[in-house]
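Note sheet for the following structure.
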Amino acid sequence: MKIVMLGAPGAGKGTQAIKIAEKYNIPHISTGDIFRANLKAGTELGLKAKVYMDQGLLVPDELTTGLVVDRIQQEDCKNGYVLDGFPRTIPQAECLTAALNDLNDALDFALNIDVPDENIVNRMSGRRACPKCGATYHIAYAAPKKEGICDSCGETLIQRDDDKPETVQKRLDVYHAQTQPLIDYYENEGILKNVDGTKNLDEVFAQIIEVLEA
Ligand code: AMP
């Protein structure tokens, strides 16, 4: 099953992508996680990406597309994958379609997790992340067992720079300008499925399973 996740930043697509990946035993490929891992490792890619990420801007396509196209051709992707945070622009989507065409392959689903803007800012300001293992939480909707501490590894949780209020509005503007057009793109490809992302985590996941197994 080859899936791309669509939705505004903070719509919950990362959380749902992880659950889908676990259920179907396929890799979860998050470009945001790849950039953050590179930054932590101090690679050139990580340092370049940081300049854009910290401003709520998109990392240029030329730094992004190639790494995803390489990643989806690795052995563990042969039964499918969930792409989370990619594509984020029409050129990225076109490159992905072309690369898959060359491999005689195609995506199965584009899942759009639909959440209105007014819910997003509130959600993102409550988001917390583990700087060590990358797990994410929400102080109201998906709180860790012990406040401020990662359930998985015990590290102190932080608010990511790009989840700070001043950056959130910028990310939403970028989403509307550059990423939202992908909804029409995948509608035209005939693989778009909309899911109501305002429901709680388990309800959203139940809707997703219904769509994937219909
Ligand atoms: P995310 O964790 O998916 O919200 O991504 C965090 C940040 O990484 C984004 O705000 C962008 O700066 C960058 N990023 C992640 N995926 C992409 C992509 N497909 N294209 C460009 N920039 C990206």
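The values are calculated or read from the model by the stated rules, or taken from the named source; none is laboratory data. All figures in this text were calculated on a predicted structure; none of them were measured in a lab. No Cβ is skipped: glycine too gets one built from the backbone with ideal geometry, and neighbour counts run over all protein chains shown. Areas reflect the complete protein model, heavy atoms only, side chains present, ligands, DNA and RNA absent. Shrake-Rupley method; radii C 1.70, N 1.55, O 1.52, S 1.80 Å.
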Per the rule of 0.36 nm per residue minus the C-alpha distance, extending I90 to Y141 adds in nm 15.2 nm
Taking the Cα-to-Cβ direction at V51 and at L212 and moving 7 Å from each Cα, how far apart do the two end points lie in nm?
-> 3.8 nm
Ranked output for segments 55-66, 152-163 by mean other Cβ atoms within 10 Å, highest leading, reads 55-66, 152-163
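Leaving ligands, DNA and RNA out of it, report the carbon-plus-sulfur percent of the accessible area of the range 1-78 at a 1.4 Å probe. Write out the running numbers ahead of the final one.
Working: 1940 of 3660 Å².
That fraction is 53 percent.
Peptides 28-37, 83-92, 110-119: what's the order by average Cβ count within 10 Å, highest mean first?
Values: 28-37: 19.6, 83-92: 21.1, 110-119: 17.6.
Packing order, densest peptide first, comes out as 83-92, 28-37, 110-119.
Which whole number in µm²/s is D for the chain by Stokes-Einstein, with the Kirkwood Rh taken over Cα pairs at 4 °C and 1.567 mPa s? Please list the in-between numbers first.
Values: Rh = 17.6 Å.
For the chosen part, D equals 74 µm²/s.
For Q74 and N119, what does the FRET efficiency come to when R0 = 45 Å and r is the distance between their Cβ atoms, rounded to the nearest 0.05?
Details: r = 36 Å, r/R0 = 0.79.
With a Förster radius of 45 Å, E is 0.80.
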Binned Cα-Cα distance frequencies in the range 1-75 - 5 Å width, integer % | 3, 13, 22, 24, 21, 12, 3
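What's the extension gain from Q180 to D102 if we count 0.36 nm per residue and subtract their Cα-Cα distance? All intermediate terms of the calculation are to be shown ahead of the outcome.
On the way: separation 78, 0.36 × 78 = 28.08 nm, distance 2.58 nm.
This chain segment gains 25.5 nm when fully extended.
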Of K164/K199; K78/K132; K13/K78; K50/K170; K132/K170, which pairs sit farther than 18 Å apart, going by alpha carbon to alpha carbon?
-> K164/K199; K78/K132; K13/K78; K132/K170
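Per residue of the chain, what 222 nm ellipticity follows from adding -39500 (n - 2.57) for every DSSP H run with n ≥ 4, rounded to the nearest 500?
On the way: 9 runs with 96 residues, N = 214.
Helix contribution divided over all residues of the chain: -13500 deg cm²/dmol.
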Efficiency of FRET from Cβ geometry, E187 and N25, R₀ 25 Å, rounded to 0.05 = 0.30
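Ignoring ligands, DNA and RNA, what accessible area per residue does the range 25-112 give at 1.4 Å, in Å²? Kindly include the intermediate steps, with their values, before the conclusion.
Working: 4270 Å² over 88 residues.
Solvent-accessible surface per residue comes out at 49 Å².
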What is the sum of charges around L47, taking Lys and Arg as +1, Asp and Glu as -1, for the other residues whose C-beta is under 13 Å from the C-beta of L47?
-> +2
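Show me 133-146, 195-208 ranked by packing, highest mean number of other Cβ atoms within 10 Å first. Mind dumping the intermediate values first?
Numbers: 133-146: 14.9, 195-208: 16.6.
Going from most to least packed, we get 195-208, 133-146.
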May I have the extent of the alpha carbons of the range 44-165 along their three principal axes, as whole Å values ordered from largest to smallest?
-> 48, 35, 30
Could you please state, rounded to a whole Å, how far the C-alpha centre of the range 62-76 is from the C-alpha centre of the range 181-214?
-> 24 Å
